[in-house]
Ligand code: HEM
C-alpha cells in the first residue's frame, strides 16, 4: 500500500491522476481513453463537462490555436466557480501582473519578447558552469553526510532553486532564505494557510529584490529587464520573478528525482548511460517524453467553437490538452511505452508547444544533463534505499513526481 499523498484541496479529479499501472506509466483513465481516439468529452465527478485531447497531432495543433485561450479569467463561468476568497486573490490585477503564462497575445507577446531577450545563448552559456558548481556543491554535501540521503531534499529541490537564484541575481547571503521559502511552497506537508503566508513572504522577498536591482543593476535577468524596458512596474517584475520560480523549480526538481527513480528501476538503461555518458542529452529528452511530469496536461478555454478530429467543442469550454498521451502516441513514437535512452530525438510535447512553449527549456536541459551525469559519476552503485513500492508518488499534484526518494550508495 502506497502512503496516502492526497491533498484534496487542489480539487484535481482523482480519476485523472490514479497510477494503478505503475509509477512511470500514464494515469489509467488517460491510457484507456487515448486508445479510443484523439479527442474526448469527459464528465468530471462534479458533473461538469471537460474536453480532453490525447492525440499527438491534435494536441500540437490545439497548442498553436489562438481560439484556445490561456486566460481563464476571460470566462465568467470559470470566475464564478472560484471560491470567493481565492477569486479576490487570484483576480487582483497587482498579483496577476507579469504572470504571462496566463495571458493571450498581444499582452503575452510583449512579455515573451522581453524575456526571450534575457534568455540568450550568452546567458545560458554563462549559467552552465554555475549549474555545474551548484550540482557539485550539493553532491559534496550528500557525500559528506552519506552514504544515504533523500534525493528530493538533498539534491532535486535545492539544485533548481539555486539555479533560479543565479538567474535572478539573488545574493549569496539571501539564498538560504529564498530556498527555504520556495521549498516550503512545493512541500505537501505545508498546511494550506501556511502556503498563503509563505507565498506572501516570498512576494515581499521579490519586491525587495526588484527594488535593489533597480537601484544597483547587476548581470542578471531582472536587471536586464529593467534596462530593456524601464516602464515595467515593480508588480510586473515581481510577477515575472515569481513565474520563473514557480515554472522552473518544481518542474526541474521532479524531473531530477523521478528521472533518477526511473533509471534506477531500469538497470539496462542505467547501465547504457553509465557505459557511455555521451548519451546523456538523448537520455534527458527520452526521460522528458517518457515521464511527462505535467501529467494532467495544460488547460485551455475555447473562445469560439473549435473542431478537433471531427468533434465540435463549443465556445467557453474547458479543454485539457494532454502532454503524456501525445508523448506516448503510437502514431508518433515506436514502442511508445518503452524507456529507451538511445531513442532518436523526436518531437515530444514535454515543454508544450506554440506561443507558451517553455521559456526555460534550454536551462532545464542543462540542469538535467549535468544533474544525471554527476549523480551517476560521483555516487557509484547509487540505489534505492527502500522498496520501489514505498516511494511516495505525487499523483494528485499538478507536477507529477515523487515526494521523497531515499537512496544509498557506496
Ligand atoms: C512554460 C514544462 C522548466 C519557465 C512551460 C510549459 C510547459 C513547461 C509544458 C507550457 C505551459 C502552457 O502551455 O500553458 C517545463 C518542464 C520543465 C520546465 C517539464 C523542467 C523539466 C522550466 C524552467 C524555467 C521555465 C527551468 C525557467 C527558469 C517557463 C515559463 C513558461 C513555461 C516562464 C511560460 C512561457 C509562456 O507562457 O510564454 N514549461 N518547464 N520552465 N516554462 Fe517551463
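FYI, it's all coordinate maths here, none of it is from the lab. Bear in mind that the values here come from a model prediction, so they are computed numbers and not experimental data. Quick reminder, even Gly has a Cβ in these numbers, built from the backbone with ideal geometry, and neighbours come from all protein chains shown.
Under a Gaussian network description of the chain, with springs only between Cα atoms under 10 Å, the residue in 46, 219, 140 that fluctuates furthest is 46. Sorted ascending by nearby beta carbons within 10 Å, beginning with the fewest, 381, 104, 57 become 381, 57, 104.
Cβ crowding within 10 Å, taken as a proxy for footprinting-reagent exposure, orders 81, 184 from fewest neighbours to most as 81, 184. When you restrict to C-alpha pairs under 8 Å that are six or more residues apart and normalise by the size of the chain, the relative contact order lands at 27 percent.
Put the Cα centre of segment 371-410 next to the Cα centre of segment 84-105 and the gap is 35 Å. Taking the fewest neighbouring Cβ atoms within 10 Å as the starting point, the ordered list for 161, 21, 70 is 21, 70, 161. Pick from 347, 66, 267: which residue has the top mean-square fluctuation in a GNM of the chain where Cα pairs under 10 Å get a spring? Ranking 347, 66, 267 by mean-square fluctuation puts 267 first. Note on segment 272-410: Cα convex hull, mean projected area over all directions, 10.5 nm². If the elastic network links every pair of Cα atoms under 10 Å, which of 282, 55, 37 fluctuates the most in the Gaussian network model of the chain? Top of the fluctuation ranking is 37. Shape summary: the chain maps onto an equivalent ellipsoid whose semi-axes, from the alpha-carbon gyration tensor, are 30, 29, 21 Å in decreasing order. The alpha carbon centroids of segment 258-272 and segment 133-180 are separated by 23 Å. Kirkwood hydrodynamic radius computed over segment 55-110 comes to 12.9 Å, based on all pairs of distinct alpha carbons.
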